[in-house]
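One structure below.
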Amino acid sequence: MPRDFPRTRRVGEQLQRELAALIRDEIDDPRIGMVSISGVEVSRDLSHAKVFFSTMLTPGEEQDADVSLQVLQGAAGFLRRLLGRHLAMRHVPQLHFRRDNSLQQGARLSALIDSAVRADRHADDDSDSDN
């Protein structure tokens, strides 16, 4: 059974806070849009970090999320250098950005549940009027 690695979790949480501020304050690319850092997973040896981000998109703006991913991947070295200045770490992990679609999936599931509840209520109303 794997052990809990509190150091990797602490480093991930600190990276998440710092990256959110750096992206907001230091990246002036208008193509990036509204980006939120939703989580950071750091490898056990602290050499790599998967940075999960979500974008504030309306349905049909998937291309904008892809552009944001490209911009973040292009700025990974720059962000890593800035993290090295802000954090008290000997080695800053390499950053690997990944899209986090959990918010969109959650909204889609919530809408499906709401429509199913409405359909059930409508079916119940129809059966009550028949009696």
- Query: If we scan the range 112-122, do we find a residue that is surrounded by 14 or more Cβ atoms within 10 Å (Cβ to Cβ) and farther than 20 Å from Glu41 by Cβ?
  - Reply: no
- Filter the range 64-105 down to residues that are free of Cβ contacts under 8 Å to residues at least 40 places away in the same chain, within 22 Å of Ser47 (Cβ to Cβ) and small (Gly, Ala, Ser), then give me how many there are. 5
- Whichever residue in the range 61-111 is of a type outside the set (D, E, K, R) and part of a loop (DSSP other than H, G, I, E, B) and, among such residues, is surrounded by the fewest Cβ atoms within 10 Å (Cβ to Cβ): Ala88
- Query: Would you say Ser54 is modelled with pLDDT under 90, surrounded by 13 or more Cβ atoms within 10 Å (Cβ to Cβ) and small (Gly, Ala, Ser)?
  - Reply: yes
- Message: Given the condition surrounded by 12 or more Cβ atoms within 10 Å (Cβ to Cβ), at pLDDT below 90 and not in a helix (DSSP H, G or I), answer yes or no: does some residue in the range 6-29 qualify?
- Response: yes
- Scan of the range 57-85 for residues that are at pLDDT 85 or above, farther than 26 Å from Thr8 by Cβ and in contact with an Asp or Glu (Cβ under 8 Å, 6 or more places away or on another chain), ordered by number: Val71
- Note on the structure: Subset of the range 30-50, residues outside any loop (DSSP other than H, G, I, E, B) and of a type in the set (Asp, Glu), comes to Glu41
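The values are calculated or read from the model by the stated rules, or taken from the named source; none is laboratory data. In this text the structure is predicted, and so the values were computed from the model without any measurement. Cβ sites come from the backbone with ideal geometry, for glycine too, and all protein chains shown count toward neighbours.
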